[in-house]
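Below: one structure in structure tokens.
What follows draws every value from the coordinates through simple rules; no lab data is involved. These numbers were taken from a predicted model, which means no experiment stands behind them. All Cβ positions, glycine included, derive from the backbone under ideal geometry; neighbour counts span all protein chains shown.
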There are 2 protein chains.
Amino acid sequence: MSPIKFSVEKELSNNLGRAGVLETPHGVIHTPAFVSVGTKAAVKALTPEQVKSLGAEVVLANTYHLYLEPGAERIKSFGGLHKFMNWSGPIMTDSGGFQVFSLGAAYGKQVSKIARGQQNSYFLTRQNPTGSDEDKNSVGTLARVEEDGVTFKSHHDGSLHYITPEKSIEIQHDLGADIIFAFDECTSPTEKFEYQEEALERTHRWARRSLEVHKSKVNSKTQALFGIVQGGREESLRKRSAEFIGNLDFDGFGIGGSFAKEDMDMAVKWVNKILPKEKPRHLLGIGEPEDLFMGVENGVDLFDCVAPTRNGRGGTLYTSKGKINIRNAEFREDTGPVDPECKCEVCKNYSRAYLCHLYRAHEMLGGTLGSMHNLYFIINLVKRMRESILDETFLKFKEEIRTVERRL
Amino acid sequence: MSPIKFSVEKELSNNLGRAGVLETPHGVIHTPAFVSVGTKAAVKALTPEQVKSLGAEVVLANTYHLYLEPGAERIKSFGGLHKFMNWSGPIMTDSGGFQVFSLGAAYGKQVSKIARGQQNSYFLTRQNPTGSDEDKNSVGTLARVEEDGVTFKSHHDGSLHYITPEKSIEIQHDLGADIIFAFDECTSPTEKFEYQEEALERTHRWARRSLEVHKSKVNSKTQALFGIVQGGREESLRKRSAEFIGNLDFDGFGIGGSFAKEDMDMAVKWVNKILPKEKPRHLLGIGEPEDLFMGVENGVDLFDCVAPTRNGRGGTLYTSKGKINIRNAEFREDTGPVDPECKCEVCKNYSRAYLCHLYRAHEMLGGTLGSMHNLYFIINLVKRMRESILDETFLKFKEEIRTVERRL
């Protein structure tokens, strides 16, 4: 008996899109939904009250970060993540697989350089884009993959750690999220097919092990486990992975990996045509406005991404006419709201000029208000997609947004 | 006809303390009250909604900072500070006199060095303690005082600016706060008596000029002007200043200056015995817990200080048993609230361990929650003093707090 219940309310006839309801032990998520990222048990610059007020139904924290600091056992001793971070709604935790490879590999180098990826090649990732040659070469020395698990260096202090699928599940049981993920290996798209295949087969064995240890614990009654489909940009591998992972007794599925943006829709489509329709699917680490329509019409139910809050802290704000950098001098005299079409509290109460002033004056409140606006914008965009699926206006809504984009 | 109305509800019989109600064009302030500081038109790390939720009735912004950035005329063109910063309650603006001397003087040096003052000699200040020899010497070169006004360098870019009493009032009229202050010179306590006297006489002439230009404008119907009493640590000068400023047609009074902490209570007492009882008094830049009882029992109605939010961002949190540094390792396992006796939302919802984690993980949310707690703590401490005046338990309440302090 799964601790979550997912029901599809409506399916689109001309593509894979659907609207559903996902019931978790800590409340309901109306899908498709954007999951706010709270990497270190905090959505950056926002209180849980603020996150909730934006319409967020669920947050995602990171196993890798919390394992290193403050430690999963400590969070367990405090009654779990919900209590620790004062979020009473549904919580997800990523398995840490992605961070072990991207952040662990980055230790001792300029993390940002690795994390940013190559110019002009956007990579589908979780949390941080990766996939540069530098990253690929360094994985061998800083995160050693063996059949049993991965040895990696902490990006904090270089200390050595060893994570196996069993260990990842144990940590996630300590953290106590409603939805947790199987431990996987996220390869670089620059790897050769042979390595992609080898890594995928290992990820599949790790998925089985994750599932097995999870099912043997009482936590499986209160925490749902999602398997992760990998396979990079290779159609044969993606399909093989969707078949394999989709046939295991997971409560839902994550779609992971790093591959070129132009391949993303195909990969998601291959996978979601195979995954069982009655279980929820989470496209890991994706949430830029332009990617959300693609995901939804290809059958994705859940998205997460640091972009709204990261952009918000940096002053890059979403509007219905594209992104703006609110620090720009042109906004110093602008009495209008960030986005005239937005109904968030920031757009209701503050001018572009005030936000421009806050960022220029290095006031933390700028990052807070910018994050609030961006998060509301993205959460609400996905909500409107959901509504348009329910009232059968999805394609019209998509066309409206595209028309605006084309005009820019 | 003053745009504000002040009524004393109750006076203490054995000292100068009193509880009152101050009605302003944007709402009521129950005195004694702590005024939250929003230097650059933002209470640092907090939204106005959060500030309001802490029980704050009034905020104070800084003329010097807002004149330099984003500019007073710009704020005026946006409909004034209330609208610009989305604070619908009462607002005060400091005249900029203190900042012209402390920050202007600090340009090109390490501001923090000057601002911190000398070890073991706490100076009564507005916003930033000052008064080191270095400061005193540099004033001559970086802020030139003449009879008409002050030439100073911007702490941003070193650009030259000239402020007169008339200019300060004009800026404050543009900003549109409910209560504004006369332009004054805040001397260093290390200056000789002769200079203190000379500066005080000039401050008195500037007070007259501030009042004159204010009264000639229509803004005097909607903005109240407070005169500032100076005089450093000299009894004769403090009394002379209180007599002079107290006899002018100001709507209320500020007590400014920088002098040693141990002289503060005497200076406040000298001044408040002379100032007209029917008008409100604001002790500028003071608000550490230990100073508030002193101020209240010596007849102060309003306090402001950056300490609660500055300490909050840094992780120094107030508790009913003294200050703690929440970053300390001892709090990593502490499941209790910051202060078991505090009723704020932070103490209700979060553990010391969670806050410790946030600060150590460099999460902005730490500074936000720390600021919320500290601001609530101070605002509430002054509120409780007010209540204890009204129900005649002030001395008992003071003794309770002292007893706790002595036990530490």
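Can you give me the distance in nm between label points at B:E399 and A:S77, each placed 7 Å from the Cα along the Cα-to-Cβ direction?
Modelled inter-label distance: 4.2 nm.
Another question, then. Could you pull out which residues in segment B:74-101 have an amide N less than 19 Å from a spot 7 Å beyond the Cα of A:S53, following the Cα-Cβ vector?
B:82-90
Closest beta-carbon to the B-to-A rotation axis: which chain B residue owns it, and what is the separation in whole Å?
Closest to the rotation axis on chain B: B:M364, 3.
I've got another one for you. I'd like the mean, over residues of B:66-77, of how many other protein chain beta carbons sit within 10 Å of each residue's own Cβ.
The per-residue average across the peptide is 2.
Quick one: Karplus J couplings for segment B:35-45, per residue in order, coefficients 6.51, -1.76, 1.60, θ = phi - 60°, nearest Hz, x for Gly and Pro?
9, 6, 8, x, 2, 9, 6, 7, 6, 3, 6
Which semi-axis lengths, in whole Å and largest first, follow from the square roots of five times the eigenvalues of the Cα gyration tensor of chain B? Provide the component values of the computation, followed by the final result.
Numbers: eigenvalues 197, 118, 96 Å².
Value: 31, 24, 22 Å, ordered largest first.
If you don't mind, another one. Tell me the distances, shortest first, between A:H156 and the same position across the other copies, using label points 7 Å along Cα→Cβ, in nm to one decimal.
Output for A:H156: 3.9 nm, nearest copy listed first.
Which Cys in chain B stand alone, with every other cysteine's Cβ at 4.7 Å or more from theirs?
Singleton cysteines: B:C186, B:C305, B:C344, B:C356.
What is the set of long-range amide H partners of B:F181 at a cut-off below 5 Å, with H atoms built 1.01 Å from backbone N?
Those qualifying (amide H under 5 Å, at least 5 residues apart or on another chain) are B:T93, B:S95, B:F226.
Tell me the mean residue ellipticity at 222 nm calculated for chain A from its helices only (DSSP H runs of n ≥ 4, each -39500 (n - 2.57), averaged over every residue, nearest 500).
-13500 deg cm²/dmol
Another question, then. Which Cα, out of A:V58, A:T151, A:L211, lies furthest along the positive dipole direction of chain A (beta carbon charges, K/R +1, D/E -1)?
After comparing all options, I get A:V58.
Rg/Rh for the protein assembly as shown: what does it come to with C-alpha atoms and Rh from Kirkwood?
Details: Rg = 30.1 Å, Rh = 28.9 Å.
My calculation of the ratio gives 1.04.
At R0 = 56 Å, how high is the FRET efficiency between A:D157 and B:E23 if r is their beta carbon distance? Nearest 0.05 is fine.
0.45
Magnitude of the Cβ-charge dipole of the protein assembly as shown, K/R +1 and D/E -1, about the Cα centre, nearest 20 debye?
Once rounded to the nearest 20, the dipole reads 240 debye.
Looking only at A:N298, A:N380, A:N247, which one moves most when chain A is put into a Gaussian network model with springs between Cα atoms under 10 Å?
Fluctuation is largest for A:N247.
Mind checking which of B:N374, B:L275, B:G299 is farthest towards the positive end of segment B:239-386's charge dipole, using Cβ charges of +1 (Lys, Arg) and -1 (Asp, Glu) about the Cα centre?
B:N374
Additional query: Can you list the residues, at least 5 places off or on another chain, whose amide H is less than 5 Å from the amide H of B:A260, using H built in the peptide plane?
B:L124
Here's another thing I want to ask about it. Connecting C-alpha atoms closer than 10 Å in a GNM of chain A, tell me which of A:V268, A:V218, A:V382 has the biggest fluctuation.
A:V218
So if R0 is 60 Å, what FRET efficiency would B:K277 and A:N380 give, r being the distance between their Cβ atoms, rounded to the nearest 0.05?
0.65
Okay, moving on. Roughly how tilted is helix A:97-106, in degrees to the nearest 10 and between 0 and 90, from the longest Cα axis of chain A?
Approximately 80 degrees, to the nearest 10.
Enter the mean number of other protein chain beta carbons within 10 Å of the beta carbon of each residue in A:321-334, as an integer.
Mean partner-chain Cβ count within 10 Å for A:321-334: 1.
Would you kindly work out, in nm and rounded to one decimal, the distances from the label point of A:K321 to those of the same position in each other copy, ordered shortest first, with label points 7 Å along Cα-to-Cβ?
Distances between equivalent label points, in nm: 5.8.
Oh, and also: Taking a spot 7 Å from the Cα of A:L248 along the direction of its beta carbon, which residues of segment A:207-227 have an amide N less than 18 Å from it?
A:207-221, A:223-227
Tell me the angle of helix A:133-142 to the major Cα principal axis of chain A, expressed in degrees between 0 and 90 and rounded to the nearest ten.
The angle comes out at about 50 degrees.
Would you mind listing the distances between the B:V218 label point and the same position in each other copy? Use 7 Å along Cα-to-C-beta, nm, one decimal, shortest first.
Copy-to-copy label distances at B:V218, shortest first: 7.4 nm.
Just to check, using Stokes-Einstein with a Kirkwood Rh over alpha carbon pairs, what's the diffusion coefficient of segment A:255-408 at 4 °C and 1.567 mPa s in µm²/s? Walk me through the intermediate numbers first.
Details: Rh = 16.6 Å.
Taking Rh from Cα pairs, D becomes 78 µm²/s.
Could you tell me whether segment B:141-300 comes out rounded, prolate or oblate from its Cα gyration tensor? Rule is a ≥ b ≥ c as square roots of the eigenvalues, rounded for a/c under 1.5, then prolate if a/b exceeds b/c, otherwise oblate.
oblate
What three numbers, in Å, describe the spread of the alpha carbons of segment B:317-400 along their principal axes, ordered from the longest?
46, 21, 17
Per residue of segment A:311-324, in order, report the coupling 6.51 cos²θ - 1.76 cosθ + 1.60 (Karplus, θ = phi - 60°) as ³J(HN,Hα) in whole Hz, putting x for Gly and Pro.
These are the phi-based 3J(HN,Hα) values: 4, x, 5, x, x, 8, 10, 7, 9, 5, 10, x, 7, 10 Hz.
Here's another thing I want to ask about it. Where both residues lie in segment B:5-305, what percent of DSSP beta bridges are antiparallel, nearest 5?
45
May I ask what percent, to the nearest 5, of DSSP beta bridges between residues of the protein assembly as shown are antiparallel?
50
Calculate the tail of P(r) for segment B:211-317: the fraction of all Cα-Cα distances greater than 17 Å, expressed in %. Walk me through the numbers on the way to the answer.
Details: 3105 of 5671 pairs.
The share of Cα pairs beyond 17 Å in segment B:211-317 comes to 55 percent.
What residue among B:L284, B:L160, B:L390 shows peak mean-square fluctuation when chain B is described by a Gaussian network model with Cα springs under 10 Å?
Most flexible of the set in this elastic network: B:L160.
Can you give the log10 of the normalised intensity I(q)/I(0) at q = 0.11 Å⁻¹, computed with Debye over equal Cα scatterers of segment B:167-256?
For segment B:167-256, the Cα-only Debye profile gives -0.30.
Sticking with this one: Compute the helix-to-body angle for B:165-175: its Cα long axis versus the longest principal axis of chain B, expressed 0 to 90° and rounded to tens.
50
With each pseudo-label sitting 7 Å past Cα toward Cβ, what's the B:D148-B:E198 distance in nm, one decimal?
Here the modelled spin labels are 2.0 nm apart.
For B:36-42, what's the mean count of beta carbons from other chains sitting within 10 Å of each residue's beta carbon?
Going residue by residue through B:36-42 and averaging, the value is 4.
Here is a further query. Please list, or write none, the lysines whose alpha carbon is within less than 23 Å of the alpha carbon of B:K153, excluding same-chain residues fewer than 8 places away.
B:K40, B:K109, B:K113, B:K136, B:K167
Now for a different question. No solvent, one uniform scatterer per C-alpha: report log10 I(q)/I(0) for segment A:5-64 via the Debye equation at q = 0.19, 0.25 1/Å, two decimals.
Results for segment A:5-64 at q = 0.19, 0.25 Å⁻¹ read -0.78, -1.03.
Could you grab the relative contact order for chain A? Cα pairs under 8 Å, six or more apart, rounded to a whole percent.
18
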